[in-house]
Amino acid sequence: MAETVSRSLSEELFGLLQKERFVTLGTIDHETGAPSLSSLSWTLANTVQSIRFAVDNRSRILANIAKEPQVVLHLIGAGSSFAINGRAEVKTERLEGVPLKLAMVEIAIDAVRDIMFYGSRISVEPQYEKTYDKNAAAKLDAQVMEALKNA
């Protein structure tokens with residue numbers, strides 16, 4: 001598929017990021033300068049030009065962003081694979097209304113690229129399941145997503 005470049009999320013991508021979803025985040029390691037990749041699920045597009053995510057406030061991601069705020073979020077959905085580049089900023093060190101010590105990071109989107117290789121499409125999106133108490137997981141997920149919306 002040809003690379004599509006936009007400066008904001010399409011309506012479809014915005015919709016995909018209105019609930020918890022598996023994505024990966026690329027940062028630059030603050031100690032080694034090497035690329036670093038992390039998996040996330042608590043992500044929310046609060047506008048078509050910004051994406052918020054929650055992460056443990058002791059996460060290496062935060063130190064990486066503090067040194068180099070340029071990041072890339074990888075999203076698989078809408079039949080393709082997308083790289084969302086932007087500048088990340090820690091907006092709060094501790095999300096309110098959440099029992100865990102989670103920081104909220106917001107990415108100001110610079111570019112959205114369709115990075116799927118030519119002549120193909122995603123036929124099945126990644127899925128995951130929580131491996132701890134399902135009710136506790138659902139409650140925590142709801143609390144985190146609500147905090148991201150209200151922050």
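Can you find even one residue in segment 126-148 that is in contact with a Lys or Arg (Cβ under 9 Å, 6 or more places away or on another chain), crowded, with 18+ Cβ neighbours inside 10 Å, part of a strand (DSSP E or B) and not acidic (Asp, Glu)?
Within segment 126-148, none of the residues are in contact with a Lys or Arg (Cβ under 9 Å, 6 or more places away or on another chain), crowded, with 18+ Cβ neighbours inside 10 Å, part of a strand (DSSP E or B) and not acidic (Asp, Glu).
Is it the case, given these coordinates, that Tyr118 is out of contact with any Ser or Thr (no Cβ under 7 Å at 6 or more places or on another chain), hydroxyl-bearing (Ser, Thr, Tyr), exposed (fewer than 13 other Cβ atoms within 10 Å of the Cβ) and under 16 Å from Leu16 (Cα atoms)?
In short, no.
Taken together, the values in this text are just the output of simple stated rules run on the coordinates, not laboratory data. In this text, all values refer to a predicted model and were calculated from it rather than measured experimentally. FYI the Cβ positions are ideal-geometry reconstructions off the backbone, even for glycines, and counts take in every protein chain you see.
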